[in-house]
Protein chains: 4
Amino acid sequence: MSHNTFGHLFRVTTWGESHGLALGCVVDGCPPGIPITEAEIQVWLDKRRPGGGKFVSRRQEPDAVRILSGVFEDERTDGLVTTGTPISMMIDNVDQRSRDYSDIARAFRPGHADYAYFAKYGVRDYRGGGRQSARETAARVAAGAIARKVLGEGVMVRGALVQVGPHAIDRSRWDWDEVRNNPFWCPDSGMVETWEQHLEAIRKAGSSTGAIIEVEATGVPAGWGAPIYGKLDAEIAAAMMSINAAKGVEVGAGFAAAALSGEENADEMRMGNDGPVFLSNNAGGVLGGISTGQPVVARVAFKPTSSILTPKQSIDESGAEIEVRTKGRHDPCVGLRATPVVEAMLACVLADAMLRQRGQTGRTEPVPVGQG
Amino acid sequence: MSHNTFGHLFRVTTWGESHGLALGCVVDGCPPGIPITEAEIQVWLDKRRPGGGKFVSRRQEPDAVRILSGVFEDERTDGLVTTGTPISMMIDNVDQRSRDYSDIARAFRPGHADYAYFAKYGVRDYRGGGRQSARETAARVAAGAIARKVLGEGVMVRGALVQVGPHAIDRSRWDWDEVRNNPFWCPDSGMVETWEQHLEAIRKAGSSTGAIIEVEATGVPAGWGAPIYGKLDAEIAAAMMSINAAKGVEVGAGFAAAALSGEENADEMRMGNDGPVFLSNNAGGVLGGISTGQPVVARVAFKPTSSILTPKQSIDESGAEIEVRTKGRHDPCVGLRATPVVEAMLACVLADAMLRQRGQTGRTEPVPVGQG
Amino acid sequence: MSHNTFGHLFRVTTWGESHGLALGCVVDGCPPGIPITEAEIQVWLDKRRPGGGKFVSRRQEPDAVRILSGVFEDERTDGLVTTGTPISMMIDNVDQRSRDYSDIARAFRPGHADYAYFAKYGVRDYRGGGRQSARETAARVAAGAIARKVLGEGVMVRGALVQVGPHAIDRSRWDWDEVRNNPFWCPDSGMVETWEQHLEAIRKAGSSTGAIIEVEATGVPAGWGAPIYGKLDAEIAAAMMSINAAKGVEVGAGFAAAALSGEENADEMRMGNDGPVFLSNNAGGVLGGISTGQPVVARVAFKPTSSILTPKQSIDESGAEIEVRTKGRHDPCVGLRATPVVEAMLACVLADAMLRQRGQTGRTEPVPVGQG
Amino acid sequence: MSHNTFGHLFRVTTWGESHGLALGCVVDGCPPGIPITEAEIQVWLDKRRPGGGKFVSRRQEPDAVRILSGVFEDERTDGLVTTGTPISMMIDNVDQRSRDYSDIARAFRPGHADYAYFAKYGVRDYRGGGRQSARETAARVAAGAIARKVLGEGVMVRGALVQVGPHAIDRSRWDWDEVRNNPFWCPDSGMVETWEQHLEAIRKAGSSTGAIIEVEATGVPAGWGAPIYGKLDAEIAAAMMSINAAKGVEVGAGFAAAALSGEENADEMRMGNDGPVFLSNNAGGVLGGISTGQPVVARVAFKPTSSILTPKQSIDESGAEIEVRTKGRHDPCVGLRATPVVEAMLACVLADAMLRQRGQTGRTEPVPVGQG
C-alpha cells in the first residue's frame, strides 16, 4: 500500500478525479493466459454504478470500461487473454456537470476531506470531491474483476449489507440468495422493509446514515498470507480502511472477541474427508495472519456520508467562518453502493496473497496433513 | 507492509523466534542526528516486559536491548546520535526453558497459528510458538522508541485498556494519570477492581479473556497520510491488525459511526487562535486518509489468548484427532501487555507518515488557512 | 524498480503496447503546486519522436500527450498546477498499420525479446514488438518532463551521443551548443559527417549499428542518494539498463577506472567560495552512492537494433527452424533517438532522490562545511 | 533496492559499520524447507575474508557467521532447514583496533565517501569508513550463500577477475579451473605473473589499482526477469553498482556492442535436443530484460581503492584545506576480494527473479517451444 498503488505481486495503481476527463487503473503483475473481456469487467462495474435506485446518487455515468493494454488474442481460443504485461483500464467521466463551483471552491465541508487535502497539498480539485470522491472506487472494482479471474472459480468472494444506521440484520435469517432480491444487498428478507423506511426518512430529511458490510471469501486454501507485517488480515484491514468513509474493520469475531473467553473463542479442529475441518470460525479464516482454509470473513463500518442538507458550521480557505449545506445529488448511505467495492478489495488482496504464496513456496495449496 | 518489514521511509524489519538465540529489528531510514540511548529504548521495553504482575506470563526475560549499529558519538554533545544508517537492535532470549516439546511438536493448538504455519511452510519452530509468539512484539516496541524520537516531543502517543472481557470502562471517568496507577493500563479508577476480580477468576479457571485497547496521538499536524492506498488510517489498520491476537481496528467513532446520522457524525469547524479547530472528533483525526490536526484515535480488539487449561479438540500433523490442553506459563489476557505494542505501532506509522509528507511536500506542518 | 513501476517517492508506472490503442504512464507522488502544461511535456516528446530524419523509423506518430488527472487550475496564476495526486498521461497510437503479421506472429526474431517473452508468458502481442517495443519509452519521456519540473531550474539534465558504431567523438572538441545543430545529438562538430556517412552505409545495407550516449546532470546538490542498496549510481544503473537495447552503464570514469592508479583516480578537494570544490570528476559526481555536488555523469551503451535485412537463422513457436529477415520501417541506430529517454530516466531518478533526501533529512541542500 | 534492503520476494537487509560491534543481514522471504548450515555459509565468507594474501588488508577478522533465526530442525533429516521466516545472520567485529582516529575524524579523504556522507547526514562513523566500508559486503556474501541454496544445484554462479589495472586477460586461455589455482581469481594462467608483478609494484609504491570482474550464471532457465523496470539486467546493474567502488556494469557484449553491426550482434537460434539453442551469446543471456536460457554474463568495473600513501589535497569538516595520506592497513586492489561479492549479488538477484517468476506464472521453467 503506497500512495496510489496497492499490492505486491498483483499490483493496482489507480488515478483520476471525480470531474476530470476520466479515471482508471493499471493492474500490473497479472499472470498471463487468463481469458478476460471488457464485458466481464463491466458486469462488476454495473453493480457499483449509481443511478439504479432512489436511494443513490442520480449522477448518470455509464461507467463503460475500456481495456487499453495487457491483453491479446489467444490463437487457441480466438478470445482475449492477459499477456502478463500491465493492464490499463479507463472509464470516461461523462456526466461532469459543468456547474458553478464558486460556493464550495474554497469551503471546507464538515466531514469531508476538503480541509485535510488543503492542509496537505495547498491545492485541490474541489469539483465533486476531486480525488477524494467515491467515484475512484470504480477503478478498484475493475481491478477486482481481474483479481477474481486470477483466483479462479474455486474462490468465491461475496458481500452483503448487515447494518444500516441502527438496524442490524438477524443473522439467523441469513440467505445469500436474498442479496440479489433487494436493492440493499440485504441477506435478511425480514429487514428489507425496515431499511427502506429508514432510508426514505433519511432521504426526505436530507440526512444520511452509516452502514456495515460483511464480506466473505470461500475456497481460499490454507497457507495464504505473509507474516508478520504482510499478514492476510493486516492486508485486508488496510485494503478496507482505504475505502472512502470506512471507519472500522474486523475479521471473524472481531470486536466481539474481546468479550469472549478462550473456551468460547477457540475454533476446534477435526479431520474431515478432505483434510482439516474447523468446528467454528471465530478466527474468520485467518490465524497468525495466514489463511486456515475456512471462509475468510471481514466486516467494514462506513460512516454516514457527510453531504447533508442541514447547515453545519465550518471555515474556508481564507479562515472565514461559514455555514455549509450540501446542494445537489448525493448518496444518503454510501454503504448501499460499497459492497462491490469491498468485494473487489478482498479479491485483490487474495489474488496478491496467492501469487506471493506461490512465489515463496511454489504452491498455492496447503501442505497436506498426514504427509507434511 | 511486506513479509517482515513495514514502513516506507521509516522502515522496520523484525526477526526472531520465541525460543531462538535472540530476536531483534533493523530500523532503516531514520533521520540522522537524533540523540538516542539504549536506556531510552529500554524504558519502553520494560513497560512491555512480562513478569511484572500475577496476571501475566511468568517467563523471566530481562529483554535488555543492545544497539549494534546506526548510532555514533556526536562531538558536540558527547552523546550518541543516529547516523542515518540502519539501526540494528538485538534482544537476547535468556529464559528459553529447554523443556520437552514432544507433546506439542506435532499438535495444532486450537486458536493458535500452528496449523496455519504448517499449511503454509510445512516446517515450523514450535517452541513457544516460534515466530508467531507475542515475544516478537518486543522488537516493535524497540522500533517504536526510535519512532517517538523521530516524532519529537510535540507528538505524544499514549494508550489505555478500555475493555477487558465484557467489562468496558466508563469513558466519562477517563483519567490519563490513572493509567500509571494500576497494572492494567486502565484510565478509569472505578473499573480497576472489577477487572482484577474478572482476571482472578479467569486465572483460577485456567481460562483467558479478550480486551480492547485505545490509543491516541496528540500533536499530529494536519496533512500527514498518503492517499489513496497509503491513507493514514489504512496504515494504522494494517499496523494494528499485524499485532498478535488483534481481530479488529477502528478509527474515531469506528463501528459506532454506522449507527449515526450525518448530522451527528460531522465534526464542525471554527477558527481558533492557532488555526482551524474542530468541535468534535468522530473522525478520529483522519479525513480522507489525511490527518486533520485533531488527536488521532484508534481502538484495537484482541481475542482471548488461546492457551487455556480446558482440553479442546484438535488434530496433529499426522492427521490424528487429539485433545489439546495448555500447560505451563501463559498470559490470561494478551491485552494486558499489548498497550506498549499498540503505542509503538502508532508511533512507527506516524514517523513514516511524517517523513513521507516531508518528502513529497517539503513540509511537516500544514498549509496555513488564510494564506494557502 | 518493480515490474512496470520505478521510483520510491516519485513513482512512475508505464503501460501499453506498440500497436495497442494507446500507451501511457501514471506519475505518483509528485509534489503539489508545480506548474505544468501539456505543451511543456510535448516539447520533450517531440525530441524523441520518430519521423524527423532519414535515419529513423518512418512510423508517423504525433505522440500527442494528454494529461488525464492530477493537475488543476491554480487560482493565483490561472495556470495548471500539480495537485499531489496521480498524474495520468496518455498517448494514442495513431499509426498502427493494420498489416498482416502472420509472418512474424510465431517467429522468434534473433536479438529481439520474442523468445524471451514467449518463454516467460506463453503469449505475447507480437505486433511491432508489443510491450518490448521502444515505443514504450515515450511514456518515460513524459514522466521525465514532470521530473524536470520537480527538480527545478537549478538542475540541468542533458545528454549527447558520443559514439556511433566504432566512431567515438573527440572529447576535446565537446560543445554542448553543437548538440542542437545536428540530427545526431553529437557534441563534436568534427564527427557529424563521419556519422552521417556511416549511418548512410548502414541504412543502404539494411544493417544497424550500436551507440553510446553520455548524460550529465549539473546543479545536483551534495547528499542525494540512499546507501547502501538505493545508491544514486545503483538507481541510475538500473534506470538506464531498463531502456530498450541498453547493454552497459558506467558512472564517471567508469570502465576506464579499472586501469587507473589510485593517484590518478582520486578527485582532490579544495574550498571554493560556495563550498567544497573538486579538482577532477572521475567519480562522476557520486561517492559511496551519494551525490558530491559535482556533475552527475553517466554513459549508456546501446546494441545495434536487431531489425536487419540480412536473413538470420532462428526458430518459431512450433520449434521449426526458420530464417528471419526484417521488412518494413525500422531504426538503424536506436541510439539516435535514445538521448531524450536517457535524460528522462536520469531526471526521474534524481527527482526521486531529491524527495527521499528531503524525507529522511528535511533538507535538499548539503550540510554546509564549516558549520556541520 | 531501497536504502539498506534489496530484492522483492527474496529480500536482503544489511546493517553494521566497519568498527561497530557487529554487522549482519536479515534474509526475508526465503522458501521454507531448504537445508542450510552455518558451515555452508562460512565457506563463502572465507573466500571473501581478508588476511589471506600479501595483497589484501591485514585486518584479522574470522568473519564467523551465526544464524540467529529462521532455521529449525527438520525431523526427517535431523538437519536444519529454513522455516520461511526471516533468517538473521550476524558477524562479530573482532579486530576493531581501538586506534586514535583524531587525524581522520574530521577529514574528507579524496575518493572516499567521507564528504558525501557528511553532506547527506551531518554525522558519520568515521572509524574504518563506517557504513561505507567494504566490510559491509560480508553480509552480502552470507545472503548470497542462502540464495545459492534457493537456486539449487542446477544454477551455478561463478566469477573471475579479468583485468587488473591495465592488464586484461587473454580470453582464449580462459580456464575456470585455473581460478582456484591463484590468489587473484584469474582464469588465465598466463596472466598471473603479470598481475603479481603489477600488484607488487603497486603495493611497494603505496598506490592502488582498479580491476574488472566477470561473473556468469549457468543453468538459468529462460523466462526470469520482470519487464519493464524490473528487467533482469536492470536488477543486475543495480546490484553490482551497489558494491563499493563499482563504477560500471555491462551485460553480454556490453559496451563493445556499441561498435557492432546488427549482423554481428544478433544471436542466431536453432533447435537443440533440449529446446532452443543460441549460436552465440552477445546478449549475455538476457533479451528484453528476460533470461533466454543462455548463461547470464555480466562484468563489473572497480575503481582503484582510494587509500594511498601519496598525500592528496582535500578539506575537512571545518572547511580547512588539508593533505590526506593513508596510514595503516588497506587493500591495494579492492577487486581482489570482490569476486565472492559479485557472485553473491548475482545469486541474490537470480533467487529473487526465480521467486517472482514463480509467483506470477506458477512456473520456474520456460514455456516449452512446440507446445506453447
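Annotations for the structure displayed:
- Which numbered condition B:Asn181 misses (of (1) over 20 Å from the mean Cα position of the chain (by Cα); (2) at pLDDT 95 or above): (2)
- Answer residue from the stretch C:83-94, given it is in contact with a strand residue (DSSP E or B) (Cβ under 9 Å, 6 or more places away or on another chain) and over 12 Å from C:Pro32 (Cα atoms) and is surrounded by the most Cβ atoms within 10 Å (Cβ to Cβ) among those: C:Ser88
- Within the stretch D:149-162, being in contact with a strand residue (DSSP E or B) (Cβ under 8 Å, 6 or more places away or on another chain), surrounded by fewer than 24 Cβ atoms within 10 Å (Cβ to Cβ) and not aliphatic (A, V, I, L, M) holds for D:Lys149, D:Arg158.
- Residues of the stretch B:290-311 that turn out to be in contact with an Asp or Glu (Cβ under 6 Å, 6 or more places away or on another chain) and under 20 Å from B:Met241 (Cβ atoms), as a count: 3
- Pairs where the first residue, in the stretch B:218-234, is facing chain A (nearest Cβ under 7 Å) and the second is surrounded by fewer than 24 Cβ atoms within 10 Å (Cβ to Cβ) and charged (D, E, K, R), C-beta under 8 Å, 6+ apart: B:Gly223/B:Arg363; B:Gly223/B:Glu365
- Matching residues, the stretch C:312-326, being at pLDDT below 95 and buried (at least 24 other Cβ atoms within 10 Å of the Cβ): C:Val324
- If you go through the stretch D:218-248 and keep only what is assigned to a strand (DSSP E or B) and in contact with a helix residue (DSSP H, G or I) (Cβ under 6 Å, 6 or more places away or on another chain), you end up with D:Ala226, D:Ala246, D:Lys247, D:Gly248.
- Within the stretch D:190-211, the set of residues being in contact with a Phe, Trp or Tyr (Cβ under 6 Å, 6 or more places away or on another chain), among the aliphatic types (A, V, I, L, M) and closer than 21 Å to D:Pro110 by Cβ comprises D:Ala211 only.
- Counted residues, the stretch A:327-368 - those being crowded, with 21+ Cβ neighbours inside 10 Å, modelled with pLDDT under 95 and either more than 20 Å from the chain's Cα centre (by Cα) or within 14 Å of chain D (Cβ to nearest Cβ) (or both): 0
- Within the stretch D:133-147, the set of residues being over 13 Å from the mean Cα position of the chain (by Cα) and at pLDDT 95 or above comprises D:Ile146 only.
- Restricting the stretch C:203-217 to residues that are closer than 30 Å to D:Ser291 by Cβ and assigned to a loop (DSSP other than H, G, I, E, B), the residue that is nearest to the chain's Cα centre (by Cα): C:Gly210
- Residue in the stretch C:1-31 that is farthest from the other protein chains (Cβ to nearest Cβ), counting only those that are among the polar types (S, T, N, Q) and surrounded by fewer than 24 Cβ atoms within 10 Å (Cβ to Cβ): C:Ser18
- Test for B:Val277: is it β-branched (Val, Ile, Thr), touching a strand residue (DSSP E or B) at 6+ places or on another chain (Cβ under 7 Å), surrounded by fewer than 24 Cβ atoms within 10 Å (Cβ to Cβ) and over 15 Å from A:Ala113 (Cβ atoms): yes
- Restricting attention to the stretch A:127-148, the residues that are surrounded by fewer than 24 Cβ atoms within 10 Å (Cβ to Cβ) and of a type in the set (Ser, Thr, Tyr) add up to 1.
- Residues that are at the interface with chain A (Cβ under 8 Å from one of its Cβ atoms), aliphatic (A, V, I, L, M) and free of Cβ contacts under 8 Å to residues at least 24 places away in the same chain within the stretch B:262-281 comprise B:Ala266, B:Met269, B:Leu279, listed in sequence order.
- Answer residue from the stretch D:116-135, given it is without any contact (Cβ under 8 Å) to a residue 40 or more places away in the chain and in a helix (DSSP H, G or I) and is farthest from the other protein chains (Cβ to nearest Cβ) among those: D:Tyr117
- Given (1) touching a strand residue (DSSP E or B) at 6+ places or on another chain (Cβ under 6 Å); (2) at the interface with another protein chain (Cβ under 7 Å from one of its Cβ atoms), number of the condition D:Pro295 does not satisfy: (2)
- The one condition in (1) buried (at least 22 other Cβ atoms within 10 Å of the Cβ); (2) among the charged types (D, E, K, R); (3) within 20 Å of the chain's Cα centre (by Cα) that D:Asp114 fails to fulfil: (3)
- Residues located in the stretch D:260-269, provided they are out of contact with any Gly (no Cβ under 8 Å at 6 or more places or on another chain), surrounded by fewer than 24 Cβ atoms within 10 Å (Cβ to Cβ) and either small (Gly, Ala, Ser) or assigned to a strand (DSSP E or B) (or both): none
- Residue list for the stretch A:32-50, filter: at the interface with chain C (Cβ under 9 Å from one of its Cβ atoms) and surrounded by 20 or more Cβ atoms within 10 Å (Cβ to Cβ): A:Pro32
- Look at the stretch B:293-309: where a residue is under 19 Å from B:Phe255 (Cβ atoms) and buried (at least 24 other Cβ atoms within 10 Å of the Cβ), no partner that is at pLDDT below 95 and basic (Lys, Arg) sits 6+ places away or on another chain with Cβ atoms under 9 Å.
- When the residues of the stretch A:165-192 are filtered to those that are part of a helix (DSSP H, G or I) and acidic (Asp, Glu), the one that is surrounded by the fewest Cβ atoms within 10 Å (Cβ to Cβ) is A:Asp177.
- One residue alone among A:Pro166, A:Pro86, A:Pro110 is more than 27 Å from A:Lys327 (Cβ to Cβ) and within 14 Å of chain B (Cβ to nearest Cβ), and that residue is A:Pro166.
- Qualifying residues in the stretch D:242-259 (those that are facing chain C (nearest Cβ under 7 Å) and free of Cβ contacts under 8 Å to residues at least 24 places away in the same chain) - the one surrounded by the fewest Cβ atoms within 10 Å (Cβ to Cβ): D:Ala259
- Residue count for the stretch B:193-214, restricted to those that are surrounded by fewer than 22 Cβ atoms within 10 Å (Cβ to Cβ), hydrophobic (A, V, I, L, M, F, W, C) and more than 12 Å from chain A (Cβ to nearest Cβ): 0
- Members of the stretch C:90-105 that are in contact with a Lys or Arg (Cβ under 7 Å, 6 or more places away or on another chain) and under 30 Å from A:Thr5 (Cβ atoms): C:Met90
- Which numbered condition C:Leu80 fails, given (1) buried (at least 21 other Cβ atoms within 10 Å of the Cβ); (2) at pLDDT 90 or above: (1)
- Selected residue (criterion: nearest to C:Gly275 (Cα to Cα)) from residues of the stretch D:298-325 that are at the interface with another protein chain (Cβ under 7 Å from one of its Cβ atoms) and polar (S, T, N, Q): D:Ser318
The values are calculated or read from the model by the stated rules, or taken from the named source; none is laboratory data. Note that the structure is predicted; figures quoted are calculated from it, not measured. We place every Cβ from the backbone using ideal geometry, glycine too, and count neighbours over all the protein chains shown.
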